[in-house]
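The structure appears below as structure tokens.
Every read-out reported here was derived from the displayed coordinates using simple, explicitly stated rules and does not represent laboratory data. In this text, all values refer to a predicted model and were calculated from it rather than measured experimentally. Here the Cβ positions follow ideal geometry from the backbone for every residue, glycine too, while neighbour counts run over all protein chains shown.
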Amino acid sequence: IDGLGEIKTSQSRFVEQECPSIIERTPISEPLQTGVLAIDALVPIGRGQRELIVGNRNTGKTALAIDTILNQKGKDVICVYVSIGQRQGNLARLVSKLQEHGALEYTVVMSADSSEAVLNQYLAPYSGTSIAEYFMHQGKDVLIVYDDLMNHAVAYREMSLLMRRAPGREAFPGDVFYLHSRLLERAACLKKGGSLTALPIVQIQEDDITAYIPTNLISITDGQIFVDTQLFNQGIRPAINVELSVSRVGGAAQTQAVKRMSKALRLELAQYNDLLSFAQFGTELDEVSQRQLNRGAIAVEILKQAQFLHYSFVDEALILFLLRYNVLDGIDLKNVSSFIQKFTSYVLSVYPDMYNKIKETKDITPDYLEELKPIAQEFAKIFEKEK
């Protein structure tokens with residue numbers, strides 16, 4: 001991949017390893033910050049969790065995983081990216097992006113591209129996990145991305161059919177569930193220290209989340225992030241479908257400040273989507289419904305985020321504070337993005353004590369709220385003048 005010659009090794013590990021036992025594991029309690037507001041607020045990921053990213057092709061699945069890797073810079077997390085059956089051109093672009101952002105200092109890239117033998121594609125995720133486990137057993141936090149496990153299952157199907165094994169549903173062999181369960185069970189949060197967080201990616205067709213491999217992976221993992229083609233085409237990026245996305249264990253690890261500020265966000269977005277479909281029939285809405293529509297539109301706007309733009313958890317908490325306490329109600333939708341980014345910079349530069357207090361305590365207490373409200377009003381006046 002990097003053209004830097006042969007890899008020299010001093011140690012070796014088996015590709016297949018036993019997953020940690022129940023006794024060796026501990027409940028997930030530390031968050032893994034992705035820097036993506038929609039994920040950290042609504043589907044938080046903990047260190048040691050397995051969170052599936054599922055969606056059609058070209059909807060930004062890999063972009064989410066790469067943003068998560070880039071956000072680990074300076075956070076003492078080692079990343080492993082495993083490319084299975086991908087095109088070489090795509091991988092070259094991805095590696096150059098990692099290099100550009102200084103991520104190769106803490107990232108291992110393993111590739112079995114589409115030109116490789118199916119045996120190599122089959123072994124790639126297990127080999128990548130062995131590398132990740134080496135660091136995990138040293139007490140380090142590790143993030144591994146499998147891109148993607150549909151290609152892995154197809155490679156295994158090809159091998160099985162060549163060996164004349166009996167085909168089952170969609171011509172996959174009978175043990176295809178075990179293929180992925182024994183891989184993903186190796187992700188864990190260990191009692192003695194160290195964790196391995198897995199972000200498997202699976203590509204689906206025509207938004208069919210009920211296909212064989214995606215349903216297998218949904219049942220194995222601790223939640224899924226569903227990336228929606230329709231939202232992507234509407235310009236809502238990251239195109240995360242909040243109603244179909246869930247994190248089963250990440251809530252316990254979520255930073256208290258973000259948790260407190262995003263408490264009602266999922267419900268607000270669900271009500272907004274219902275009202276939006278209702279309003280499309282040209283029905284006249286009462287004042288309360290209209291207000292809900294406006295708030296929902298603002299919520300969708302703040303969750304939009306450009307690729308390679310990452311928020312710290314303090315920035316995320318401050319942005320969610322603006323939404324929750326109606327500071328953004330008087331702002332035009334087209335100015336919301338500019339407002340929230342300038343506000344976080346304003347708090348950091350003019351009120352660094354406030355910013356650092358949230359950073360240290362990882363919470364926004366009622367006392368902090370009383371201090372933040374006048375700061376937000378003060379900034380809103382400055383923003384209006386600048387316009």
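For this structure, a couple of remarks:
- Applying a DSSP loop filter and a limit of 14 other Cβ atoms within 10 Å to the GluC sites (Glu not before Pro) in the range 229-286 leaves GLU243, GLU284.
- For the range 37-254, the fraction of C-alpha pairs farther apart than 22 angstrom is 49 percent.
- Projected label points at SER349 and ALA297, each 7 Å from Cα along the beta carbon direction, are separated by 3.0 nanometres.
- Per-residue extension of 0.36 nm, minus the Cα-Cα distance of LYS75 and GLU287, leaves a gain of 71.7 nm for this segment.
- Hydrodynamic radius of the range 96-160 per Kirkwood, over alpha carbon pairs, in Å: 13.2
- Equivalent ellipsoid semi-axes, the range 1-117, via Cα gyration tensor eigenvalues times 5, rooted, Å: 25, 21, 16
- Cross-link check: pairs LYS97/LYS304; LYS75/LYS97; LYS61/LYS192 evaluated at a Cα-Cα cut-off of 28 Å; pairs beyond the cut-off: LYS61/LYS192.
- The Cα-based radius of gyration and maximum Cα-Cα distance (Dmax) for the range 259-386 are 15.5, 50 Å.
- Around the amide H of GLU30, modelled in the peptide plane, lie the amide H atoms of ARG47, all under 5 Å away and 5 or more residues distant in sequence or on another chain.
- Residue of LEU285, LEU322, LEU303 that the Gaussian network model of the chain assigns the largest fluctuation, springs spanning Cα pairs under 10 Å: LEU285
- Between helix 149-162 and the chain: long-axis angle, C-alpha atoms, 0 to 90°, nearest 10: 20
- Percent of C-alpha pairs per 10 Å bin, the chain, short to long: 5, 22, 30, 24, 13, 5, 1, 0
- Cα-only radius of gyration and Dmax that characterise the range 28-83, units Å: 11.4, 33
- With both labels modelled 7 Å from their Cα along Cα-to-Cβ, the LYS381 to GLU170 distance reads 5.9 nm.
- Among 46-56, 365-375, 244-254, the order from most to least packed when residues are scored by Cβ within 10 Å on average: 46-56, 244-254, 365-375
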